[in-house]
Each structure stands twice: as structure tokens, then as C-alpha cells.
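Presented below is the structure to which this report refers.
The values are calculated or read from the model by the stated rules, or taken from the named source; none is laboratory data. It should be emphasised that the depicted structure is a prediction, and the values quoted were computed from it without experimental measurement. Cβ sites come from the backbone with ideal geometry, for glycine too, and all protein chains shown count toward neighbours. What goes into the accessible areas is simple: the full protein's heavy atoms, side chains included, and nothing from ligands, DNA or RNA. Shrake-Rupley method; radii C 1.70, N 1.55, O 1.52, S 1.80 Å.
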Amino acid sequence: MPRRTVSWTAIDRAGQDSRPKIPAGLLSAKASINLTVRLDRRPLVAGGKFDRAAIMHAAAKAARLHQERFGCSWSEAMSVALKAAWGAAKLTRHMAAH
């Protein structure tokens with residue numbers, strides 16, 4: 001009966017490759033979103049519903065800062081900022097419900 005060999009390195013590498021990558025600057029974008037919401041006094045969630053205009057406003061501000069800091073394209077900066085803004089909005093709505 002033939003024996004099978006298992007490459008634990010290949011298994012471990014496959015597991016690491018399947019994990020989602022955290023974009024550079026996501027934490028600073030989250031902090032920028034939270035600061036924008038506090039300073040502008042424009043909540044991301046109003047009455048249990050998402051305020052899309054406030055989310056886009058906060059994301060655009062965070063994207064400008066992200067683009068200046070990391071020197072990336074507008075689409076990359078907006079992608080990171082929107083992920084941070086929607087994450088903050090979902091967390092806010094969840095916290096308000098409980």
C-alpha cells in the first residue's frame with residue numbers, strides 16, 4: 001500500500017493565503033471616521049437606519065487623508081475609507097439596538 005506524504009508547510013501556507021488581507025491604513029481610516037462623526041455631529045445612523053449621506057461624507061474626508069498619507073490612488077483610498085465607514089455605521093446601529 002503506497003504511503004501518502006503530507007506537506008505541513010503547504011497546508012499552513014494555503015491557510016494563510018485564504019485569510020483576508022487587512023488593507024494598509026484601515027485603522028487610521030476608522031479613527032478618522034470616528035473623529036469626523038464627533039466633530040461634524042452628523043451621526044452615521046439615524047432612527048435605526050443608515051444615513052448614507054453622512055457615511056459618504058465621512059468616507060470622503062477619510063479618503064482624502066488616507067490618500068495624502070499613503071500616496072495611493074483615489075479608488076484605493078475610497079475603498080479603505082468606505083470599509084471603515086460602513087463598519088463604523090454597522091457597529092453604531094448594533095450598539096443602538098442593544
### the range 14-41, subset of a type in the set (Ser, Thr, Tyr) and over 12 Å from the mean Cα position of the chain (by Cα), residue most open to solvent (accessible area, probe 1.4 Å)
SER18
### Query
Restricted to the range 42-89, and to residues that are closer than 14 Å to ALA29 by Cβ, more than 13 Å from the chain's Cα centre (by Cα) and of a type in the set (Lys, Arg), which residue is most open to solvent (accessible area, probe 1.4 Å)?
ARG69
#### Entry: Residue check for THR92: in contact with a strand residue (DSSP E or B) (Cβ under 7 Å, 6 or more places away or on another chain) and open to solvent by 60 Å² or more (accessible area, probe 1.4 Å)
yes
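If I go through the range 9-48 residue by residue, how many of them are in contact (Cβ under 8 Å) with a residue 24 or more places away in the chain and either part of a helix (DSSP H, G or I) or within 20 Å of MET95 (Cα to Cα) (or both)?
Result for the range 9-48: 13.
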